[in-house]
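Visitor: Supplied in C-alpha cells, the structure appears directly below.
The values are calculated or read from the model by the stated rules, or taken from the named source; none is laboratory data. Everything numeric in this text was worked out from a predicted model, so none of it was measured. Cβ placement follows ideal geometry from the backbone for every residue including glycine, while neighbour counts extend to all protein chains displayed. Only protein heavy atoms, including side chains, enter the accessible area calculation; ligands, DNA and RNA are left aside. Shrake-Rupley method; radii C 1.70, N 1.55, O 1.52, S 1.80 Å.
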Amino acid sequence: MFFWVPISWADSITGLYRAEITLPSSLTESQLLTAAFRQAAKNVLIKVSGRPDLIEETLTNSDLNSAPSWVAQHSILASDRPIQFNGELVESKKVSVTFYEQSINLFLIDRKIAIWGSNRPSILIWLLQEGVQGRFLSGVDAPSPLLAAISEQSLINGLPVYAPILDDVDKKTVPIPAIWGFFEDEVSQASKRYQTDLFSVVRVRNEFGKRVVDLRVFFPSGDIVPLNFVAENEADIALSVNNELSQLLSEKYAAVRDVSEESQLKMRLTGLNTYDKLQKVQSYLDSIILIRNWNLASLKDDEVIYIIQSDGGVNKLKDSIALDSVLIENPLSALDPNANISLSYEFRGK
C-alpha cells in the first residue's frame with residue numbers, strides 16, 4: 001500500500017536496473033530463468049526510459065533472447081504468494097534480476113529512446129471512484145484494491161507515487177465534489193500539506209459497462225495535462241495510470257543521449273564560498289542524468305562558472321534542477337555583463 005511521507009524535493013529511485021519476477025514454481029530452473037530474464041529486461045527498459053509505449057514498439061524477440069547477456073546477477077527466492085497460472089492459483093518462486101547499466105543504456109541509446117535518471121518527481125494521487133453506493137476517495141486511512149494496484153505498479157514503473165491520508169483535515173479542505181470536478185484551487189490547497197513535486201486527480205467512472213478514467217496532472221508552473229482512457233478492470237487502470245504518468249514525465253524530464261545533438265551551456269553558480277560547498281555542488285552536477293560532462297571555467301570569490309555539456313537542451317535541464325532544493329534559480333539582469341549565460345543559480349545545499 002501507499003505510505004505518506006512529506007517530500008520537499010524529488011525522490012531518488014533505487015534499483016532502476018533491477019526487477020523481481022514471480023513465476024510458477026513448477027517450471028524447471030531453465031524455464032524459470034529464461035522467462036524471468038525476458039520479463040525483467042522489459043520491465044527495466046520501461047523503468048529506465050519511462051517510455052512503455054516505445055519499448056512495446058521496438059522490443060523484439062531477438063532483443064529478449066539477448067537478455068541473459070545483460071544480466072549482472074540473479075537469485076531465485078522462495079515465495080509464499082500464490083499466482084494465477086492457466087486459470088488457477090499455483091505456488092510460485094521469485095527471481096531477482098540485476099542488469100548491467102551499460103547494457104540497458106546502450107539498448108536505449110541505439111534506439112534513440114530517452115534515459116531517465118533516478119531523480120524523479122514525487123506525485124500525490126487523489127483517487128476518486130464511482131461505486132454502487134456513490135463516489136468515494138481512497139487514501140492511507142481509506143485503502144482500496146485499486147489504490148493498492150496503482151501502488152504496486154508504480155514500483156515497477158519507478159514512479160514515487162503517494163496517496164493522501166484522508167483524515168479530517170483533507171476532508172474539510174477538499175470535498176468530493178471539488179475533486180470530481182477537478183477544481184484546481186481546492187485540490188491544490190489540499191495538496192500543499194504533502195509537499196510533493198506534482199499532484200494529480202484520477203477519476204474513475206462507470207459508463208456502459210466500461211471503466212472510464214479521467215486523469216489530470218497539475219504541474220507547479222500552473223500547467224494542467226488532461227489524460228483519458230477506457231479500461232476493462234482495475235489491473236488495466238493501474239497499469240494505464242502508471243504508464244501515462246511515466247510517459248508524460250519522461251517526455252518532460254528525460255532526454256535521448258545523442259552526441260550529435262549534445263548542447264553546451266554556460267552555468268553561473270553563487271554561494272560557493274567554501275571548498276566543501278564546491279565539492280557538494282559538483283557531486284550534485286554529476287548526479288543529474290542530463291549532464292554529460294562539466295568543466296569549471298572560472299572561480300572568483302563565491303561565484304563559479306561551469307561549462308555544461310547536456311542532453312535535451314536548457315529547458316529540460318532547468319526542469320530537472322527545479323525538482324530539488326539544491327540550486328535556486330537566480331536570473332541575471334539584462335544589463336549584467338554575463339547576461340549571455342544560459343543558467344544562473346544560487347547554491348542552497350541539501
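Visitor: Name the shape class, rounded, prolate or oblate, that the alpha-carbon gyration tensor gives for the chain, where a ≥ b ≥ c are the square roots of its eigenvalues, rounded holds for a/c under 1.5, and otherwise prolate holds if a/b is larger than b/c and oblate otherwise.
Guide: Values: a/c = 2.18, a/b = 1.26, b/c = 1.73.
Note, shape of the chain comes out oblate.
Visitor: Please compute the length gained on full extension between Glu29 and Glu207, using 0.36 nm multiplied by the number of residues separating them and subtracting their Cα-Cα distance. Please list the in-between numbers first.
Guide: Values: separation 178, 0.36 × 178 = 64.08 nm, distance 4.53 nm.
Computed gain between Glu29 and Glu207 is 59.5 nm.
Visitor: Running a GNM on the chain with Cα contacts under 10 Å, which residue among Ile76, Ile115, Ile55 ends up with the highest mean-square fluctuation?
Guide: Largest GNM mean-square fluctuation: Ile76.
Visitor: Let me ask something else about it. May I ask you to evaluate 6.51 cos²θ - 1.76 cosθ + 1.60, the Karplus curve with θ = phi - 60°, for each residue of the stretch 59-72 and list the ³J(HN,Hα) values in order in whole Hz, giving x for glycine and proline?
Guide: 6, 10, 4, 4, 4, 5, 5, 8, 3, x, 6, 8, 7, 7
Visitor: So how much accessible area does Asp276 have, in Å² to the nearest 10, using a 1.4 Å probe?
Guide: Looks like 90 Å² after rounding.
Visitor: I would also like to ask the following. Going by amide H atoms built from the backbone, whose H comes under 5 Å of the H on Ala297, apart from near neighbours?
Guide: HN-HN under 5 Å from Ala297: Ile305, Tyr306, Ile307.
Visitor: What whole-number value in Å² describes the accessible area per residue of the stretch 59-214 for a 1.4 Å probe? All intermediate terms of the calculation are to be shown ahead of the outcome.
Guide: Details: 7800 Å² over 156 residues.
Normalised by residue count, the accessible surface of the stretch 59-214 is 50 Å².
Visitor: Oh, and also: If you filter the stretch 278-331 for chymotrypsin sites (Phe, Trp or Tyr not before Pro), then keep DSSP loop positions with at most 15 other Cβ within 10 Å, what is left?
Guide: Numbers: sites: Tyr284, Trp294, Tyr306; in loops: none.
For chymotrypsin sites (Phe, Trp or Tyr not before Pro) across the stretch 278-331 that sit outside H, G, I, E and B with at most 15 neighbouring Cβ atoms in 10 Å, the list is empty.
Visitor: Against the longest principal axis of the chain, how steep is helix 313-322, in degrees 0 to 90 to the nearest 10, with axes from Cα atoms?
Guide: Between helix and principal axis, roughly 70 degrees.
Visitor: Let me ask another. Please report, to two decimal places, log10 I(q)/I(0) for the stretch 57-135 at q = 0.11, 0.16, 0.21 Å⁻¹ as given by the Debye formula with identical point scatterers on the Cα atoms and no solvent.
Guide: Log-scaled intensity ratios, in q order: -0.62, -0.98, -1.03.
Visitor: Which FRET efficiency, nearest 0.05, do Ser96 and Lys300 yield, Cβ-Cβ r, R0 41 Å? Provide the component values of the computation, followed by the final result.
Guide: Numbers: r = 50 Å, r/R0 = 1.23.
Efficiency for this residue pair is about 0.25.
Visitor: Can you give the FRET efficiency to the nearest 0.05 for Arg193 and Glu346, using r as the Cβ-Cβ distance and R₀ = 35 Å?
Guide: Details: r = 27 Å, r/R0 = 0.77.
Computed FRET efficiency for Arg193 and Glu346 comes out at 0.85.
Visitor: Listed here are the pairs Lys112/Lys252; Lys42/Lys252; Lys266/Lys318; which of them are more than 19 Å apart at the Cα? Before the final figure, lay out the partial values.
Guide: On the way: Lys112/Lys252 16 Å; Lys42/Lys252 22 Å; Lys266/Lys318 13 Å.
Over 19 Å apart, Cα to Cα: Lys42/Lys252.
Visitor: Once neighbouring chains are kept in place and the probe is 1.4 Å, which whole percent of the accessible area of the chain is contributed by carbon and sulfur?
Guide: Numbers: 8510 of 17340 Å².
Solvent-exposed carbon and sulfur of the chain make up 49 percent of the total.
Visitor: Right, next: Where does the Debye-calculated log10 I(q)/I(0) of the stretch 113-209 sit at q = 0.11, 0.13, 0.18 Å⁻¹, using only Cα point scatterers of equal weight, no solvent?
Guide: -0.35, -0.48, -0.86
Visitor: What percent does the relative contact order of the stretch 32-182 come to when contacts are Cα pairs within less than 8 Å and at least six residues apart? Please list the in-between numbers first.
Guide: Working: 169 pairs, mean separation 32.4, N = 151.
In percent, rounded to a whole number, it is 21.
Visitor: Okay, moving on. With a ≥ b ≥ c the root eigenvalues of the C-alpha gyration tensor of the stretch 90-134, is it rounded (a/c under 1.5), prolate (a/b larger than b/c) or oblate? Intermediate results must be reported in sequence, preceding the final value.
Guide: Details: a/c = 3.03, a/b = 1.56, b/c = 1.94.
It comes out oblate by the Cα gyration axes.
Visitor: Would you mind calculating the relative contact order of the chain from Cα pairs under 8 angstrom and at least 6 residues apart, reporting the percent as a whole number? If you can, show how the numbers build up before the last one.
Guide: On the way: 664 pairs, mean separation 61.6, N = 350.
Taking the mean separation of contacting Cα pairs over the length of the chain, I get 18 percent.
Visitor: Gaussian network model of the chain, Cα springs within a sub-10 Å range: biggest mean-square fluctuation belongs to which of Ile109, Ile83, Ile21?
Guide: Of Ile109, Ile83, Ile21, the most mobile in the Gaussian network model is Ile83.
Visitor: Cut-off under 17 Å on the C-alpha distance; same-chain residues fewer than 8 positions from Lys277 excluded. Which lysines are left, in chain and number order?
Guide: Cα-Cα hits under 17 Å: Lys300, Lys350.
Visitor: Quick one: among Ser75, Ser49, Ser96, which has the greatest mean-square fluctuation in a GNM of the chain with alpha-carbon springs under 10 angstrom?
Guide: Most flexible of the set in this elastic network: Ser75.
Visitor: Which shape class applies to the stretch 1-151: rounded if a/c is under 1.5, otherwise prolate when a/b exceeds b/c and oblate if not, where a ≥ b ≥ c are the square roots of the Cα gyration tensor eigenvalues?
Guide: Values: a/c = 2.01, a/b = 1.26, b/c = 1.59.
Because a/c hits 1.5 or more and a/b fails to exceed b/c, the stretch 1-151 counts as oblate.
Visitor: Something else about it: Given the Cα-Cα distance of Glu186 and Thr60 and 0.36 nm per residue of separation, how much length would full extension add, in nm? List each step's numbers first, then the result.
Guide: Details: separation 126, 0.36 × 126 = 45.36 nm, distance 4.60 nm.
Difference between extended and current length: 40.8 nm.
Visitor: Given the options Ser69, Val241, Asn206, identify the residue whose Cα lies farthest towards the positive end of the charge dipole of the chain (+1 on Cβ of Lys, Arg; -1 on Cβ of Asp, Glu).
Guide: Farthest towards the positive pole: Ser69.
Visitor: If you plug each phi of the stretch 128-139 into the Karplus form 6.51 cos²θ - 1.76 cosθ + 1.60 with θ = phi - 60°, what whole-Hz ³J(HN,Hα) values come out, in order, with x for Gly and Pro?
Guide: Each residue's phi maps through the Karplus curve to give 10, 10, 9, x, 5, 9, x, 8, 8, 9, 10, x Hz.
Visitor: Taking R0 as 45 Å, what's the FRET efficiency between Asp168 and Asn228 from their Cβ-Cβ distance, rounded to 0.05?
Guide: Numbers: r = 32 Å, r/R0 = 0.71.
About 0.90, to the nearest 0.05.
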